Amino acid sequence: MRDPYSVLGVSKSASEADIKRAYRKLAKTYHPDQNADNPSAQERFSEASQAYEILGDKEKRAQFDRGEIDAEGKPRFQAHGFDGFSDSDIFRQARGQRGYQQGQGGGFDDILNDILGGFGGRARGGAGPGMGAGMGGRAPQPKRGQDAKITARVTLEQLVHERKARVTLPNGKSVDVKLPDGTVDGEKIRLRGQGHPGEHGGGTGDAIVEVRLARHALFTPLDDDLKLELPIALYEAVLGEKVRVPTLDGAVNLTITPKAAGGKTMRLKGKGLPNKNGGRGDLLVTPRIVLPEEDDEELATLMRAWKELRPYRPRGSEFG
């Protein structure tokens, strides 16, 4: 530990106000909440807090100036030799350090609350660097908060039109998360500094939002395309007709030809999901013939005649 006067950048004749002002300036510059990704800044903050623990307490400062304690607040037994160090001296030093722990000096909370908008409130009771270091112990090191894992259930309509999803953070606040173009099921979006709070002045963790696409009644995602099985009547398949087809942008007309009705997939351009190129995928429509639910004797008679007069093979040789 360096000389506390040097750490704070003040002279030995500095007033209490000068010392407090110097610490305030260093704490504002190097506080871990302001420098979450800068370990050297966290070390500077811890060093400044340790120095202020000595110089911000009248009795400790006097003990340091007399050479009775070192820069970490540890007794300097070698100054008088162990045998020459009186019980009263030891008692006075222990009492001074205990008094500081009980909040009789220092004033870390007030300083940090003033300059960091409440960061210092977490320092009370030994949570801040430099506090709880009585009897020469090392101050607790800042510890970054844990990342929070959040699942966002997103509909295909949100992905196409709203481009955002609402999630609730660990602090209870609800925010809208932007869904980038090309977002797919399982994608993870990082929200910096929105996770769990740190300890001893450490930075807040991140929130990791995992996007899970909600199951849709009609459409199945396939990368940036959507698949749709379109039910059609037998006569629509045979005669060919225009059929209303739903999309995420509203229904459109699609002409069903006899050839398409045989299971050929048709493509509606730009009716799929947003992609990373700023465009959209396609809607892949596959017609599926649906027969009447009730038995139809006329249809059965027609099909028996068709089978006799116009037989054909709907399956290839690979089916045997």
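Scanning the range 62-78 for residues that are touching a residue at least 12 places away in the same chain (Cβ under 8 Å) and of a type in the set (D, E, K, R) gives ASP65, GLU68, ASP70, GLU72, LYS74. Within the range 145-169, restricting attention to residues that are under 13 Å from the mean Cα position of the chain (by Cα) and in a loop (DSSP other than H, G, I, E, B), the residue that is nearest to LYS227 (Cα to Cα) is LEU169.
Select the strands (runs of 3 or more DSSP E) contained entirely in the range 170-239, then report the ones holding at least 1 residues which are at pLDDT 90 or above and more than 21 Å from GLY279 (Cβ to Cβ). Steps first, answer last, please.
Numbers: elements: 174-178, 188-191, 207-213, 220-222, 225-233.
Qualifying strands (runs of 3 or more DSSP E): 174-178, 188-191, 207-213, 225-233.
Which ones in the range 138-162 are surrounded by fewer than 15 Cβ atoms within 10 Å (Cβ to Cβ), touching a residue at least 24 places away in the same chain (Cβ under 8 Å) and under 25 Å from ARG280 (Cα atoms)? Scanning the range 138-162 gives THR151, ARG153, GLU157, HIS161. Pick from the range 211-237 the residues that are of a type in the set (D, E, K, R) and either more than 15 Å from GLN158 (Cα to Cα) or touching a Gly at 6+ places or on another chain (Cβ under 6 Å) (or both): which of them is surrounded by the fewest Cβ atoms within 10 Å (Cβ to Cβ)? Checking each candidate, the answer is ASP223.
Does ASP89 count as farther than 25 Å from GLY198 by Cβ and either at pLDDT 85 or above or surrounded by fewer than 14 Cβ atoms within 10 Å (Cβ to Cβ) (or both)? Judged against the criteria, ASP89 is not a match. How many of the residues in the range 1-33 are under 27 Å from the mean Cα position of the chain (by Cα), part of a helix (DSSP H, G or I), surrounded by 17 or more Cβ atoms within 10 Å (Cβ to Cβ) and not acidic (Asp, Glu)? Total meeting the criteria: 3.
Looking at the range 293-313, can you tell me whether even one residue there is in a loop (DSSP other than H, G, I, E, B), under 18 Å from THR220 (Cβ atoms) and not assigned by TED's automatic domain parsing to the domain that holds LEU159? Scanning the range 293-313, I find no residue that is in a loop (DSSP other than H, G, I, E, B), under 18 Å from THR220 (Cβ atoms) and not assigned by TED's automatic domain parsing to the domain that holds LEU159, so the answer is no.
The values are calculated or read from the model by the stated rules, or taken from the named source; none is laboratory data. Keep in mind it's a predicted model, so treat the numbers as computed, not measured. In this analysis, Cβ positions are derived from the backbone assuming ideal geometry, glycine residues included, and neighbour counts consider all displayed protein chains.
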